[in-house]
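S.K.: Starting off with a structure, shown below.
Just so it is clear, none of the values below were taken in a lab; they were calculated from the coordinates. Every value quoted in this text rests on a predicted model; they were computed, and no experiment measured them. Positions of Cβ are backbone-derived with ideal geometry, glycine not excepted, and every protein chain shown enters the neighbour counts.
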Amino acid sequence: MKDGISEKKLAENQVFFRGLNAKVREGIENIKQVADEDGSKADLIDENTVFEFHCECSHNHCLNRIKISLADYEAIHKDNASFTITPGHNIPEVEDVTFTCPAYCVVTKHKEPPKKVTTVHPIDQ
Ligand SMILES: [Zn+2]
């Protein structure tokens, strides 16, 4: 465990970054809606289109992006305890790596994380 940082705070940081990714998903939906209204460009974005999402690791200084398709991202996040992170950004004390590929890893928290968080906790690295 990181010095002075609780497992709960680490999980809250991850939930915060997942919240940012929810905004990315909203943006994608808005683009699709505008394209549909135009009636021409809707086919440019489908579930296999790869987007850059925020790394959902616990480190508050991490600004990495992960390239992942919308379909894969949404399938992984059906489980509230699963997060997509940059390979190597996992913290074994609080989570298990359940999938890995060159672009990203999926980690599952040992404990159920909070549903929503609005702040990031500073963590010295
Ligand atoms: Zn990270």
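S.K.: Tally Lys/Arg at +1 and Asp/Glu at -1 over every other residue whose Cβ is under 10 Å from the Cβ of VAL107; what's the total? The partial results should precede the final answer.
M.R.: Values: positive: LYS109; negative: GLU56, GLU95, ASP96.
Summing Lys/Arg as +1 and Asp/Glu as -1 gives -2.
S.K.: If you don't mind, there's one more thing I want to ask. In deg cm²/dmol and to the nearest 500, what is the mean residue ellipticity at 222 nm of the chain if only DSSP H runs of at least 4 residues count, each as -39500 (n - 2.57), divided by the residue total?
M.R.: Result for the chain: -10500 deg cm²/dmol, rounded to the nearest 500.
S.K.: Could you identify which residue out of VAL15, VAL24, VAL34 has the top mean-square fluctuation in a GNM of the chain using Cα springs shorter than 10 Å?
M.R.: Of VAL15, VAL24, VAL34, the Gaussian network model singles out VAL34 as fluctuating most.
S.K.: Sequence neighbours fewer than 8 away in the same chain don't count; with that in mind, list the lysines whose C-alpha is under 17 Å from LYS8.
M.R.: Candidates past the 8-residue exclusion: LYS109, LYS111, LYS115, LYS116.
S.K.: Most fluctuating residue of LEU44, LEU70, LEU20 in a GNM of the chain with Cα springs under 10 Å: which is it?
M.R.: Maximum among the listed residues: LEU44.
S.K.: Considering the chain as a Gaussian network with a 10 Å cut-off on Cα pairs, which listed residue, LYS109, LYS78, LYS23, attains the greatest mean-square fluctuation?
M.R.: For the chain, modelled as a Gaussian network with Cα springs under 10 Å, the answer is LYS78.
S.K.: Hey, got a sec? Which GluC sites (Glu not before Pro) in the stretch 43-125 land in a DSSP loop and have at most 15 other Cβ atoms within 10 Å?
M.R.: Taking the stretch 43-125 and a limit of 15 other Cβ atoms within 10 Å, the loop GluC sites (Glu not before Pro) found are GLU47, GLU93.
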